[in-house]
Amino acid sequence: MTLCLADAASMWLLASRLEEAAQEITRLQGGSVTVGLPITATPELAHYEAHLRNMVEWCHSSAAEIRKRAAVAAQADLIGWDPAGDNTAREALMTAAAGGFDEQLAAFDALGEDGDVAAYFAALTPGQALAVALARASQVGARAGVPFELRYAANRQLVRQAHAEAIRVGDKAAADRYTRLLNPDRQLLLFDPRGLGKIAEVKGDLATAKNVSIFVPGTENSLLNYLRGSEGTLSTLHGAATGISADTATILWMGSPLPQSVGAAMFDLRADRSAPELRDFFDGLRLSPEVRTTLIGHSYGSTVTGHAVKAGLHPDNLIAVASPGWGVTSTSELHAPETKLFAMRHQGDYIKLVPPAEDAIGFFIPVPDTIAGHGEDPVFMPGVERLSSGSESHPFYEIDADAHSDYFGGSDAGRIAGLNLARVIVGDDYETYEEAKAAL
């Protein structure tokens, strides 16, 4: 049979044949002993023993090496060949599978987790860099210091892997979800389909933007419903900001699981666990000091941002939208004196009726406020500027069931709120709550 090492299947087959050859040699040696004729029984045959042992070892080691190359070729197979399109990524992986980038891949593997990955990629040609990013997608996709375009490519490859697995197990909903995430316009800095999933998506040119905002959504958001909810918020917020300044990039971050129920959102656990991950993600962007940075959290997402700021993330602006609290009782506890603090809440948002969790739970069971509750309401906290949300004409006592999610378009108030957030993001004149009330 002729084997052509042009695809992963041929490589897997060759590796299997080599393993079979090693097993057969070993079996025959054992068989000789069984019939009383060990290969070392006579001087004429004894000198073959070392050669055969080396051959067995060669078969095993070669099979292992070919399997590694087959794994890379399998990644190329996921991309497929487009007769009329750009096949750069597939060709880079096929070259890597054929051994064309062995030196570069070995050097990347030798870096370890603490190596200077930025300097490493800077020394490569574009083709070499792309091949390494795709062949080592799981190590590159979320790694700080890797050029953004290579992280986008690596995460796209991770989505392809998830898509292939969804098809294999017959999960049509997941397959459809990943098909949409493979849209060529998508820019992902993070992707992990396990559990509730993780994702960080970018709108705009992050490498040249002068204004960068990071948005963290709230309770019940996950990768499973991302395309039906938070993605729309990202697009709306980015559109509002770029309508004022084109030099803007917007990031939606769900890099750590969010609470999936109101009951779970009463506790700080998720915010505490998410805080260092959000801080490290922000720091890993390595933005120029001249870039204006804004961190926005909606609902429980604002609690995550507050904990992240306490953990050392210091953006230029921090905005709490419909917030249960930053996890502090005063702005000094944020330890971010250079960060401008803002809060926004609709008049009819039911979040204003939610008591601190330590009060609600503590009525029955004493609970430390380090576990439950999220501190004071940012809207009324000294040192925080309350932004107009477009609902100032509504009665204070009014409750609107839809208000809690209406800050990024939709109603007239939602469009005003989104535009006001965008003005903070780009450094434009924004409207405060007091100014809006005085203008009524």
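The values are calculated or read from the model by the stated rules, or taken from the named source; none is laboratory data. Just so it is clear, the structure is predicted and the values come from calculations on it, not from any experiment. With ideal geometry, Cβ positions are generated from the backbone for all residues, glycine too; neighbour counts draw on all protein chains shown. Side chains are part of the model used for accessible areas, which takes the heavy atoms of the whole protein and leaves out ligands, DNA and RNA. Shrake-Rupley method; radii C 1.70, N 1.55, O 1.52, S 1.80 Å.
Please list 70-78, 12-20 highest first by mean number of surrounding beta-carbon atoms within 10 Å per residue. Kindly include the intermediate steps, with their values, before the conclusion.
On the way: 70-78: 20.4, 12-20: 16.4.
For the peptides 70-78, 12-20, the packing ranking is 70-78, 12-20.
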| remark: Expressed per residue, the solvent accessible area of the range 126-177 in Å² (1.4 Å probe) is about 41 Å²
| Any idea what angle helix 88-97 forms with the longest principal axis of the chain, computed on alpha-carbon atoms, 0 to 90 degrees, nearest 10? | 40 degrees
| query | Which value in nm describes the separation of the simple spin-label points at residue 435 and residue 26, placed 7 Å from the Cα toward the beta carbon? | reply | 7.7 nm
| query | Going through the range 378-412, which GluC sites (Glu not before Pro) have at most 14 other Cβ atoms within 10 Å and a DSSP loop state? | reply | 398
| Which order, highest average first, do 305-318, 227-240 follow once you tally other Cβ atoms within 10 Å for each residue and take the mean per peptide? | 305-318, 227-240
| said: Which residues among the range 225-263 fall inside the zone where the amide N is under 20 Å from a point 7 Å beyond the Cα of residue 354, along Cα→Cβ? | reply: 225-226, 229-231, 233-234, 253-263
| said: Give the separation of the Cα centroids, the range 110-172 to the range 303-350, in Å. | reply: 33 Å
| task | Using a cut-off of under 18 Å, list every residue of the range 179-216 whose amide N is near the label point 7 Å from the Cα of residue 84 along the Cα-to-beta-carbon line. | result | 184
| Backbone N under 16 Å from the residue 291 label point (7 Å along Cα→Cβ), restricted to the range 108-147 | 118, 142-147
| Here are some pairs, 68/203; 210/340; 310/437; which of them have Cα atoms lying more than 28 Å apart in this structure? | 68/203; 310/437
| query | Going by the alpha-carbon gyration tensor, a ≥ b ≥ c the square roots of its eigenvalues, is the range 113-214 rounded (a/c under 1.5) or, if a/c is not under 1.5, prolate (a/b greater than b/c) versus oblate? | reply | prolate
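Dividing the convex hull volume of the alpha carbon atoms of the chain by its residue count, what do you get in Å³ per residue? It would help to have the intermediate numbers written out before the result.
On the way: hull volume 93.6 nm³, N = 440.
So the per-residue hull volume is 213 Å³.
Nearest 500 deg cm²/dmol is fine: what mean residue ellipticity at 222 nm does the chain get from its DSSP H runs of n ≥ 4 alone, each adding -39,500 (n - 2.57), divided by its residue count? Mind showing how you got there, number by number?
Details: 16 runs with 202 residues, N = 440.
Computed mean residue ellipticity for the chain: -14500 deg cm²/dmol.
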| note | Ordering 267-274, 82-89 by per-residue average of other C-beta atoms within 10 angstrom, highest first, gives 267-274, 82-89
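Carbon and sulfur atoms: what percent of the 1.4 Å accessible area of the chain do they account for?
Numbers: 11760 of 21040 Å².
Answer for the chain is 56 percent, counting heavy atoms of protein chains only.
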